[in-house]
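Quick notes on the structure that follows.
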Amino acid sequence: MAELTNILHADLDAFFASVEQLDNPSLRGKPVVVGGSRHSRGVVSTCSYEARKFGIRSAMPAAQAYRLCPQAVFLPVNMPRYQEMSRQVFAILSRFSPIMEVLSIDEAFLDISGCSRLYGSAEEIGRLIKEQVYSELGLVISIGISYNKFLAKLASDMDKPDSLRIITESQAMEVLKPLPVSRIWGVGQKTEESLNKLGIKTIGDIQALPAGWLEARIGSAGRLFWELAHGIDQRALEPEQERKSLGREETFPEDINDTAYLEKLIAQFAAELCRKLRQAGLQTASVTIKLRYSDFKTITRSKTIPPCNSDLVITQVAGELLHHAYNGKRPLRLFGLSLGHLSPAADLEQGNLFEPQSNADHKEIDLLMDEIRNRFGANAISRANLLPDKDTE
Ligand code: TTP
Ligand code: MG
């Protein structure tokens, strides 16, 4: 009986940098750094594998990256382009299974339990996905396959770039054993230091401990780490429709305190998120904004609303939250908007308590705009409050 390998994790290689190399063939084979101009205080979003040979990494100050590799090509982040590619990659992935959990702009889990009769073995599915992403989009995607999320994600990262790696249940303990504890999901720098102080450096060190030992010393996370170290991970995939919230956030290249810009961002995020809600047949009953100041202090403000999925209502509620929470003085490094308490949009016909007269009109406009975007692309139509100011163009 073949071992279970039903969870697939896919993650694009050097995503933003690969898109830049795809769009500009003269950059291929060269060190390319995306994010933060070389003289700015910004940080590197990512860099091509050619640049990684010089020690450049994501989140490193751009000035440091420049010192490591002055001949690298430094490019600004072109998010709309990456989002468009991301959407196309996820469209390919979703051909293989309806159960997909998108983790970030370039990675997703697929539950491939049901598709082997259609496509062959798990390995064959991995190979087909890699082929289709490369031949249709020109991007290289790494794939990891296993029997749970933790190991599938670990597998996709093990032989990057261009990897296709499978970890079966009988291999898991051996594969995990030599890895540093930082490879365990949830072990950040601080936890790693605490574990090191207990004499635990590798996952194998945890494997050698009795189950309750870590829990007794570091609490309930100890139990989780012990299980993960043994290749045990019970978490189910969370496909988008079942998610409890949906959000968008942006880290600014430079700190800002421009409320007019934040209002535009709110309108843009609200339009994107509500479109997703409508496509999934969902509505939201809570709006949350997130503000992160330049010193990393982060606050959130939420409001519960009657269920809806209208761009205008969400824009208005988030705008009010912003004006209560922010006086336009303290510099911000990040702004986020998320919609929670999602539920099927069954009772939308009852109207909307915020704008009873115009709700039907808004709904029709929103649906019409969705149809235009579905046919002609995300940028084909926009509400007037999202259009760039004339004097800034
Ligand atoms: P990653 O998948 O972590 O990185 P990557 O795709 O560039 O490289 P690889 O997977 O081959 O190791 O992140 C995906 C994109 O997210 C990345 O291309 C840029 C962006 N990103 C940031 O903007 N800042 C960050 O700190 C990280 C880690 C990623
Ligand atoms: Mg990636």
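The values are calculated or read from the model by the stated rules, or taken from the named source; none is laboratory data. None of these values were measured; they are calculated from a predicted model. Methodologically, a virtual Cβ is constructed for each residue, glycine included, from the backbone with ideal geometry; neighbour enumeration extends over all protein chains shown. Accessible surface is based on the protein model in full, side chains and every heavy atom, while ligands, DNA and RNA are left aside. Shrake-Rupley method; radii C 1.70, N 1.55, O 1.52, S 1.80 Å.
Tabulated data
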{"item": "0 to 90° range, to nearest 10: angle between helix 311-325 axis and the chain longest Cα axis", "result": "80"}
{"item": "Fluctuation leader among His324, His230, His341 - the chain, Gaussian network, Cα springs under 10 angstrom", "result": "His324"}
{"item": "Alpha-carbon centroid distance for the pair segment 246-287 / segment 1-74, whole angstrom", "result": "27"}
{"item": "Residue range of the chain that is longest and free of trypsin sites (Lys or Arg not before Pro) which are both DSSP loop and sparsely packed (at most 12 other C-beta within 10 Å)", "result": "54-234"}
{"item": "Accessible area expressed per residue, segment 295-350, with surrounding protein chains retained (probe 1.4 Å, Å²)", "result": "52"}
{"item": "If the convex hull is drawn through the Cα atoms of segment 129-250, its volume per residue in Å³", "result": "156"}
{"item": "Portion, in percent, of the accessible area of the chain that falls on carbon or sulfur, probe 1.4 Å", "result": "52"}
{"item": "Residues with amide H under 5 Å from that of Leu282, placed H, sequence gap 5 or more", "result": "Ala345"}
{"item": "Distance in nm between pseudo-label sites at Lys160 and Lys197 (7 Å out along the Cβ direction from Cα)", "result": "3.0"}
{"item": "Under 21 Å from the Cα of Lys329 - lysines, other chains or at least 8 residues apart", "result": "Lys264, Lys290, Lys297"}
{"item": "Per-q log10 I(q)/I(0), segment 11-57, q = 0.13, 0.32 Å⁻¹ (Debye; single scatterer per alpha-carbon; no solvent)", "result": "-0.26, -1.21"}
{"item": "Angle between the chain longest axis and helix 149-158 axis [Cα atoms, degrees, rounded to 10]", "result": "70"}
{"item": "Segment 204-234-segment 174-188 distance, computed between alpha-carbon centres (Å)", "result": "11"}
{"item": "Cut-off 13 Å between beta-carbons: net charge of the residues surrounding Arg165, Lys and Arg +1, Asp and Glu -1", "result": "-1"}
